[in-house]
1. Any idea which of (1) open to solvent by 10 Å² or more (accessible area, probe 1.4 Å); (2) touching a helix residue (DSSP H, G or I) at 6+ places or on another chain (Cβ under 8 Å) is the one Val51 doesn't satisfy?
2. Could you please find all residues in the range 1-44 being of a type outside the set (A, V, I, L, M), part of a helix (DSSP H, G or I) and open to solvent by 50 Å² or more (accessible area, probe 1.4 Å)?
3. I'd like the full set of residues that are over 19 Å from the mean Cα position of the chain (by Cα) and under 14 Å from Gly20 (Cα atoms), limited to the range 211-254.
4. Restricting to strands (runs of 3 or more DSSP E) lying wholly in the range 190-297: which have 1 or more residues that are touching a strand residue (DSSP E or B) at 6+ places or on another chain (Cβ under 9 Å), within 17 Å of Pro15 (Cα to Cα) and of a type in the set (Lys, Arg)?
5. Touching a residue at least 12 places away in the same chain (Cβ under 8 Å) and either touching a strand residue (DSSP E or B) at 6+ places or on another chain (Cβ under 8 Å) or outside any helix (DSSP H, G or I) (or both), is that true of Leu145?
6. Would you pick out the residues in the range 163-187 that are part of a helix (DSSP H, G or I) and open to solvent by 10 Å² or more (accessible area, probe 1.4 Å)?
7. Pull out all pairs, ordered by first then second residue, where Cβ-Cβ is under 7 Å, the residues are six or more apart or on different chains, the first lies in the range 236-248 and is among the basic types (Lys, Arg), and the second is assigned to a strand (DSSP E or B).
8. Pairs, please: C-beta under 9 Å, at least 6 apart or cross-chain, first residue within 13 Å of Leu291 (Cα to Cα) and in the range 249-266, second basic (Lys, Arg)?
Amino acid sequence: MTLNPLIQQLIAQGPVLTDGAWGTQLQARGLAPGEVPDLWNLTHPEKVTAVARAYVEAGSQIILTNTFGANRLRLAGGGGADLVKEINEAGAGISREAANKRALVFASIGPSGKMLMNGDVTEDELRAAFAEQAQALARGGADGLVVETMQDLEEARIAIAAAKATGLPVVACMVFDSGKDKDRTMMGATPEQAAAGLLEAGADVVGANCGQGIAGFVKICARLKAAAGGHPVWIKANAGLPQIRDGKSVYTTTAAEFAGHVPAVLEAGASFIGGCCGTSPEFIRELHKLLREKHNL
């Protein structure tokens, strides 16, 4: 097994700190319910820049991009389908400028929002949509690509193939939030099945994100690591499960509580650690402090 050179270089120094949530950070800066976050790359670039810069200043070694939903299929619902190239190139460029060579940029590729198994979309349509997005992110200057929050392994495999065609390193993450032990994807795939499928499709790093709080990621991480054949594991958990208060989703896990579970996740085999929904630069600062103390990062 030969690891991607950039990935190998990153993990050689110990655990790599990624970033936290973007959606909740944009909401804090005025993103309205139902508004398309990705369009802000064109309409409010200064606010997107502020999110990216906050994570760099908190200690992130890798930041993502505001492009999670920026594929043609998903953007069609918000009127942005004709702006795919512009949105993605701008998203990568914004994060790259904010990183200012202090962090790398791994651009976000989320699911299409369509169900392949229900016939909502064809494999060819997925291939075309993910290829268009991946190529635009590469042109925008991304250092790597993260296929994330995937529920359908087949859709993930199609997205990975499109991402690999850019020549950039590719991280691929599934959501494990189903089954009695919350250790399966919505489609029923186990961590072992997911790791095998993601690696076969060409992923350089496999992982899990979203779906549940960090305590549930310890066993999932260990199982992914055991099935990954030496490939690194990427973990980004939520700040617990949200509670609805006054019509808004509120995450109650604190940064300190979140950080308290991170040593167990690292012990389970995570090489990349960060946060998903509900986490913030405060969470990343806590993780940075923890890694600095334990790993001299």
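The values are calculated or read from the model by the stated rules, or taken from the named source; none is laboratory data. This one's a predicted model, so the numbers in the text were calculated from it and none came from an experiment. Backbone-built Cβ (ideal geometry, glycine too); neighbour counts: all protein chains shown. Remember, those area values only see protein heavy atoms, side chains included, never the ligands or the DNA or RNA. Shrake-Rupley method; radii C 1.70, N 1.55, O 1.52, S 1.80 Å.
1. (1)
2. Residues of the range 1-44 that are of a type outside the set (A, V, I, L, M), as a first pass: 2, 4-5, 8-9, 13-15, 18-20, 22-25, 27, 29-30, 33-35, 37-38, 40-41, 43-44.
Checking which are part of a helix (DSSP H, G or I) leaves us with 5, 8-9, 23-25, 27, 37-38, 40-41, 43.
Answer for the range 1-44, where residues must be of a type outside the set (A, V, I, L, M), part of a helix (DSSP H, G or I) and open to solvent by 50 Å² or more (accessible area, probe 1.4 Å): Pro5, Gln8, Gln9, Gln27, Thr43.
3. Thr253, Thr254
4. Numbers: elements: 205-213, 233-238, 243-245, 248-250, 270-275.
Qualifying strands (runs of 3 or more DSSP E): 233-238.
5. Details: touching a residue at least 12 places away in the same chain (Cβ under 8 Å): yes; either touching a strand residue (DSSP E or B) at 6+ places or on another chain (Cβ under 8 Å) or outside any helix (DSSP H, G or I) (or both): yes.
Answer is yes for this residue.
6. Residues of the range 163-187 that are part of a helix (DSSP H, G or I), as a first pass: 163-164.
Passing the criteria: only Lys164.
7. As it stands, the answer is Lys236/Asn209; Lys236/Gly274; Lys236/Gly275, since those pairs meet every condition given.
8. Ala259/Lys289; Pro263/Lys294; Leu266/Lys294
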